[in-house]
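Encoded as structure tokens, the structure appears first; notes follow it.
Throughout, read-outs are computed from the coordinates displayed, never taken from laboratory work. Worth saying up front: this structure is predicted, and the values here are computed from it rather than measured. Please note: Cβ atoms are built from the backbone with ideal geometry, for glycine as well, and neighbour counts cover all protein chains shown.
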Amino acid sequence: MSNPLDPHAAIVTEAAGLDQGGMLRTADGQPLAKALARSSRRARRRAFFLVLPLLAFVLLTFVLPIGQMLMRSVKNDGFSAYMPQLSAWFEANPDVTEPDDAAWAALAADLEASAKDRTIGIVGTRINYEIPGTRSLFTSAGRKARGGIEPPYREAMLDMDEEWGDPKLWGVMRQASDPYTANFYLAAMDRTRDEAGNIVLAPEEQRIYLHLFLRTFWLSLIITGTTFLLGFPIAHLLATLPMRQSNLLMILVLLPFWTSLLVRTTAWMVLLQQQGVVNDVFVWLGLIGDGQRLQMIYNQTGTIIAMTHILLPFMILPLYSVMRTINPSYVRAARSLGATSWTAFRRIYFPQTLPGLGAGALLVFILAVGYYITPALVGGSSGQLISNLIAMHMTQTLNWSMAAALAAMLLGGVLILYWVYDRLVGIDNLKLG
Amino acid sequence: MKKMLILTSALCGMGFAAQAQNKEVNVVSWGGAYEKSQVEAYNIPFAKETGIKVNMLAADNPATPLKAQVEAKNITGDVFDIEVSDAIRLCDEGALVEINPADLPAAPDGTPAADDFIPGALRECAVANIFWGTVIAFDKTKFGDNAPKTAADFFDTAKFPGKRGLPKNPKRTLYLALIADGVAPDAIYDTLDTPEGVDRAFAKLDTIKKDVVWWEAGAQPVQLLADGEVTMATGYNGRFFDAMVAEGKPFEIIWDGQYMDLDMFAIPKGSPNPEAAMQYLKYATDTQRLADQAKYIAYGPSRKSSAALVGLFQDGKTEMAPHMPTNPEHMKTAVMDDPEWWADHDAEMAERFNAWLAAN
């Protein structure tokens with residue numbers, strides 16, 4: 001029994017009653033632990049309903065479309081869905097390399113059917129991804145096949161076009177008869193398959209993606225570095241100046257942030273082009289002759305300058321918010337203990353800014369990796385990034401599987417870097433504001 | 001006052017009539033001055049005559065939303081203004097409604113539509129509205145008496161100094177290199193069909209690679225020329241016309257080796273208003289409407305019978321005929337787009353072109 005002198009015990013006993021087993025109960029006789037669990041479950045459910053709209057929104061507008069898009073990079077049923085008989089033949093004869101009469105008959109029947117349904121273009125486009133130039137082979141065969149193909153099928157098909165006998169074509173059709181393929185990822189890594197199905201490097205004049213991936217990551221690193229070099233002193237100034245001046249400075253930082261991306265990019269064109277303001281000033285000052293105007297835009301330099309400017313606020317703002325919270329007496333204490341100003345900065349001040357720096361660097365880098373419009377406009381030939389090729393496959397060649405594979409690789413690269421960052425710096429140290 | 005009353009009630013009546021029908025058609029086009037010319041020449045008279053409301057939507061390339069809508073099986077547009085290669089590709093993929101030339105209105109003199117349209121302008125699933133040219137333009141003030149005249153001059157930076165503006169894609173650069181290298185306009189695609197031909201085009205591009213400013217958006221070449229950033233650039237003839245006539249810029253167009261493209265109207269299968277869409281397509285591609293469009297933009301009508309009806313620019317004094325890509329003089333050395341070839345090779349060429357650009 002409880003001690004009658006213990007006031008807490010008395011309250012509990014009075015309020016809930018204490019049964020023989022010593023279990024706490026609520027007024028209606030329920031075990032207290034159970035009642036508590038139920039009420040906290042109710043609270044959790046309510047909280048869940050509150051975030052439900054956001055969850056649904058994220059699922060519907062972000063996870064689902066991205067998942068669908070990524071699915072395209074490994075699944076393309078353009079051939080298997082519209083050439084069912086031939087696909088079945090490939091499945092039934094996994095080892096036969098030389099097509100037999102049944103295969104030719106299946107090909108002719110599928111061509112005829114898909115020409116009638118007007119799906120022959122989809123089939124041709126799928127094969128064209130692997131062997132450029134074969135799309136019209138399919139569409140023209142489809143036009144002829146609409147009237148029906150007479151046996152013997154092999155001779156009839158070869159009569160239409162010699163290329164139908166090409167073993168490479170049959171090899172590619174066999175691969176495409178499986179809707180799931182890694183070929184888009186291979187292509188995104190400048191690899192292709194030879195006739196025997198081995199993975200080999202693409203011909204030299206077609207190799208582009210790895211080069212651009214490397215360039216994208218390299219330029220993004222440079223841009224992150226330059227935003228740090230430029231942003232750190234500004235953020236420090238913002239954090240330490242008296243309110244009135246720092247507010248004014250803050251507006252100068254935010255004003256370009258609120259300006260349209262296109263306007264800012266175009267403004268850099270006006271400034272940096274060869275007949276632009278900066279070159280004019282240099283010529284006027286006599287630094288360079290009129291004939292030797294500098295090429296500062298439509299190349300990598302232009303991309304770096306314009307993107308550094310555009311991404312600068314993403315570095316300054318997290319840095320500023322962290323610097324605001326750093327107590328100035330630490331540095332003063334370090335100085336009073338005999339540290340030089342450099343040592344005080346290096347050992348006391350700078351380490352305290354790391355959470356902001358980490359957040360800023362991560363933001364800038366990830367944004368830079370996926371940047372599209374600025375490099376497209378000011379990048380010329382040497383300032384192109386991988387996102388420009390993704391856009392090209394989305395809008396120009398309409399090869400969405402390829403675009404998805406490239407985008408997935410970009411996403412994978414960023415995730416790996418994020419993981420490395422987490423191991424090196426620790427994601428808990430991130431402070432966005 | 002009475003007149004006013006009649007007019008008002010007539011207008012109200014029309015409003016009710018339109019509402020009673022409650023018909024509309026969604027047209028997806030390219031935006032900008034081009035879209036404006038379509039609104040003025042097609043949409044406004046169409047709505048007035050039929051009571052069908054036309055909603056104009058803009059896209060960077062209407063083929064992209066078209067493909068997206070077909071893939072998602074949720075089609076919201078009725079008529080799409082797309083390029084030929086896309087029209088052919090999407091038609092082969094079964095995404096577009098087939099169009100029978102016999103259903104299209106005949107020319108005023110009774111010539112059936114099949115004969116009235118310029119060859120290539122009628123496809124299985126699409127009807128062309130305009131021809132447009134990619135042409136070279138140069139700044140007259142930069143060259144004085146020694147003005148460039150041919151596509152070859154574009155590649156001659158010794159004789160005609162200065163930077164060049166070129167679009168950052170293979171389709172509108174390779175042909176120019178071959179023309180300048182002496183290939184006949186009608187042999188361009190036979191040449192490009194061989195690996196040596198492609199090498200030859202890239203080798204010619206190599207000769208000016210360091211002098212090229214690459215552009216991406218159609219407004220850029222005009223801007224580059226106006227800023228003096230380049231002395232010669234290729235671009236869309238309508239844009240250069242606008243700069244020259246409407247803005248009075250000192251540019252001149254070289255029609256030698258112009259690259260001719262078509263824009264086409266197509267209707268996707270399963271569009272929300274298929275009847276209104278077909279009605280709009282027929283209306284917009286009749287002789288008078290195509291001729292009217294030339295009043296607002298310097299693109300050539302796709303019907304032969306429209307040429308005679310093309311009059312003055314909307315400023316009321318500029319004769320349009322000499323500025324049309326379809327002018328017989330300009331057609332002599334024109335390269336016709338080969339959409340089939342590009343449907344087969346555009347990914348391959350784009351990869352090679354970008355690899356070439358990236359290699360310094």
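Taking the centroid of alpha carbons for each part, the range B:30-103 and the range A:74-152 are 31 Å apart.
Dimensions of chain A from C-alpha coordinates, computed as largest minus smallest value along each principal axis and given longest first, are 103, 95, 35 Å. Taking the fewest neighbouring Cβ atoms within 10 Å as the starting point, the ordered list for B:L174, A:L252 is A:L252, B:L174.
Kirkwood Rh over alpha-carbon pairs of chain B, then Stokes-Einstein at 20 °C and 1.002 mPa s: what D in µm² s⁻¹, rounded to an integer? My calculation gives 99 µm²/s for D.
Normalised by 2.2 N^0.38 Å, where N counts its residues, the alpha-carbon radius of gyration of the range B:162-288 equals 1.34. Amide H to amide H, with H built 1.01 Å from N, B:V213 comes under 5 Å of B:R164, B:G165, B:L166, counting only residues 5 or more places away or on other chains. Projecting the alpha carbon convex hull of the range A:209-429 along each direction and taking the average yields 15.8 nm². Convex hull volume of the Cα atoms of the range B:22-157, normalised per residue: 192 Å³. Cross-link partners of B:K163 among lysines, defined as those whose alpha carbon lies under 27 angstrom from its own and excluding same-chain residues fewer than eight positions apart: B:K140, B:K142, B:K149, B:K171, B:K204, B:K209, B:K210, B:K249. Overall, the anisotropy analysis places the range B:118-232 in the oblate class: the square-rooted eigenvalues a ≥ b ≥ c of its C-alpha gyration tensor yield a/c not less than 1.5, with a/b not exceeding b/c. Taken along its principal axes, the alpha carbon cloud of the range A:178-303 reaches lengths of 71, 44, 24 Å, longest axis first. Nearest 10 degrees, 0 to 90: what angle lies between the long axis of helix A:350-369 and the longest principal axis of chain A (Cα atoms)? Around 20 degrees separate the two axes.
In chain A, the calculated helix contribution to ellipticity at 222 nm averages -21500 deg cm²/dmol per residue, counting -39,500 (n - 2.57) for every DSSP H run with n ≥ 4. Spread over its residues, the convex hull of the C-alpha atoms of the protein assembly as shown is 319 Å³ per residue. Distance between the C-alpha centres of the range B:167-193 and the range A:245-314: 36 Å, rounded to the whole angstrom.
Would you mind telling me which residue in A:L219, A:L54, A:L262 has the biggest mean-square fluctuation in a Gaussian network model of chain A, where springs connect alpha carbons within a distance under 10 angstrom? Residue with maximal mean-square fluctuation among A:L219, A:L54, A:L262: A:L54. With the convex hull of its Cα atoms as the shape, the range A:327-433 has an orientation-averaged projected area of 9.8 nm².
Placing +1 on each Lys and Arg Cβ and -1 on each Asp and Glu Cβ, with no other charges, gives the range B:38-154 a dipole about its Cα centre of roughly 360 debye. Over the residues of chain B, the helix contribution to mean residue ellipticity at 222 nm works out to -11000 deg cm²/dmol, using -39500 (n - 2.57) for each DSSP H run of at least 4. At a Cα cut-off below 20 Å, give the lysines reachable from B:K73, other chains included and same-chain residues fewer than 8 away excluded. Within reach: A:K75, B:K269. Listed from fewest to most Cβ neighbours within 10 Å, the set B:K73, B:K171, B:K210, B:K249 follows the order B:K73, B:K210, B:K249, B:K171.
Treating r as the C-beta distance of A:L221 and B:A359 and R0 as 35 Å, the FRET efficiency rounds to 0.95.
Relative to the dominant Cα principal axis of chain B, helix B:63-72 is inclined by about 60°.
The magnitude of the dipole of the range A:209-429, with charges of +1 and -1 set on the Cβ of Lys/Arg and Asp/Glu and taken from the Cα centre, is near 600 debye.
Counting every other Cβ atom within 10 Å of each residue's Cβ, A:R135, A:R41 order from fewest to most as A:R41, A:R135. Under the rule a/c < 1.5 gives rounded, and otherwise a/b versus b/c splits prolate from oblate, where does the range B:62-108 land using the Cα gyration tensor? It comes out prolate by the Cα gyration axes. Rounded to the nearest 20 debye, the dipole size of chain A about its Cα centre is 2860 debye, using +1 on the Cβ of Lys and Arg and -1 on the Cβ of Asp and Glu.
Structural size metrics of the range A:84-179, computed from C-alpha coordinates, are Rg and Dmax of 12.0, 33 Å.
Within the straight-line cut-off of under 13 Å between alpha carbons, the aspartates and glutamates reachable from B:K332 are B:D186, B:D256, sequence neighbours fewer than 8 places apart in one chain being disregarded. Seen through its C-alpha gyration tensor, with square-root eigenvalues sorted a ≥ b ≥ c, the range A:376-433 comes out prolate because a/c lies at 1.5 or above while a/b is bigger than b/c. Restricting attention to the protein assembly as shown, close to 65% of DSSP beta bridges with both partner residues there are antiparallel. Against chain A, whose longest principal axis is taken from its Cα atoms, helix A:167-176 shows a tilt of about 40°. Would you work out which of B:V222, B:Y236, B:P185 lies farthest towards the positive end of the dipole of the range B:129-275, given +1 charges on the beta-carbon of Lys and Arg and -1 on that of Asp and Glu, about the Cα centre? Towards the positive end, the residue furthest out is B:V222.
Amide H contacts of B:I99 (H built 1.01 Å from N, in plane; Pro and chain starts excluded): B:C125, B:A126 sit under 5 Å, all sequence-distant by 5 or more or on other chains.
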